[in-house]
1. Which listed residue (124, 83, 21) has the Cα farthest towards the positive end of the charge dipole for the range 5-138, taking +1 on Lys and Arg C-beta and -1 on Asp and Glu C-beta about the Cα centre?
2. Percentage of Cα-Cα pair distances in the chain greater than 43 Å, rounded to whole percent?
3. Compactness ratio of the range 197-323: Cα Rg over 2.2 N^0.38 Å, N = residue count?
4. Quick one, what does Rg over Rh come out to for the range 315-420 if you take C-alpha atoms and the Kirkwood Rh?
5. Would you mind ranking 230, 217 so that the residue whose beta carbon has the fewest other beta carbons within 10 Å leads the list?
6. Name the long-range amide H neighbours of residue 99: under 5 Å, sequence gap of 5 or more, or other chain; modelled H, no Pro or chain starts.
7. Just grab the label-to-label distance for residue 413 and residue 373, each label 7 Å out from Cα along the Cβ direction, in nm (one decimal).
8. List the residues whose amide H sits under 5 Å from the amide H of residue 371, counting only those 5 or more places along or on another chain, with H placed 1.01 Å from N in the peptide plane.
Amino acid sequence: MSSGLALRSEPAPIVACTVSSNVHHFGLLIEDMETELGEAWGDLGFEEARDFMGALEPGGLEFVALAVREQDEADLGRVGEVINAARAKDIKVILIPENLTTAGLRELLRLGADDFVPYPLADGALHDAIEKIRQEAEAPPPLQTAKQTEASAPVTGQRLGGKAAIFATQNLAGGTGASTLAVNMAWELANIDKKNPPSVCLIDFDLQHGSVATYLDLPRREIMLELLQDATNMDVDAFKQALVGFEDRLSVFTTPAEIVPLDIIGPDEVTAIMDLASECFDIVIIDMPRSVVMWTETVLNRADMFFTTLELDLRSAQNAMRFIKACRSEELPLEKVQFVLNRAPGMTDLNGKNRMKKMAESLGVTFSNMLPDGGKLVMQAGDNGEPLAEAAKKNPLRKEIMKLSDGLYKAMVSDTQAKG
């Protein structure tokens, strides 16, 4: 690393630089820059960077790593000038924020930062950001830029009448498959119409043990904790920045990287996130925590359907009874709750079918869906980060979830047409 670009005497050309008020505060950034670029980088302060890039030829640097900490937020104007100077010379900007407020981060992203990696840097995070920039630079220019941009933008619900459908899933006992149902239902719905698929957002609200990111092999981003806490101030742009894409078909709002208390968010934050998701997507699927929390009522009241998963055992029956009693005591819309029996008995299992009938009668409910046991392939698909449609297309569980998703979509389209 050099302490000033103008004093550098090494023959190796500089391809990138860090920009910060004090680079020595960002020790992990120094280490990662040296690992990625060796000596082919330098460091500048905010004012130096603006003047230096102003004198460069377009594309004179590959990228700048703009490291901004809490103390710098008082004067975001000079930070913004660096971003503008870089953009003017076609230099990519990787934002390295430390303890910024959501509003500050949103403002810098709006100015044109290409990517952001929260500090302290996770292992390989800077490497991934650099590789992403390089891949984008090497990609051939699109033939129809305007058309492709329009196609890649989140749909605002116009296709289904301008009002997103919201479905939620919740375990009534551990391991009864709510997350598996949410992930695979989201993927089936995202691919249900090959010519004109609906836009789908999958939100993981199981803040302590959420597994959506694992089941789809997606990164859990550090910034999610800040976004959750400041959700009431989040706008559409910030919400889109928080999402992680899966196969260009599904957008996912993951849990934070660390386990956090379930009460770190409340009804207001949950409502704000659902509002933003409904504004941007046709279908919103929410995977709830197993525990009933103070904002469970918020989601249940807002959801079109609330799928609760259980199995044919005593623990599920007892938890279902307690859940039903709680809904009735709080006068919640129990008619929205769909009881889904996972690992349901097969056609020839007469004893199991008799037990299932008795369980439904004792609870006073009807099982809206009965999902078969998908076997080891379900666990393997989750471990490999693939939906069942990709990992085990003919699996009986996948077929049943596909039927469920198809029925939901047809009902949505029919309702939209009736209102239209």
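1. Final value for the positive-end residue is 83.
2. 22
3. Output field value: 1.06.
4. Ratio of gyration radius to Kirkwood radius: 1.04.
5. So the residues, fewest neighbours to most, are 217, 230.
6. Result for residue 99 returns 119.
7. For residue 413 paired with residue 373, the spin-label model returns 3.6 nm.
8. 341, 342, 343, 344
We did not get these values from a lab; they are worked out from the coordinates using the rules stated. Not measured: the values here are computed from a predicted model. Cβ atoms come from the backbone with ideal geometry, glycine included; neighbour counts cover every protein chain shown.
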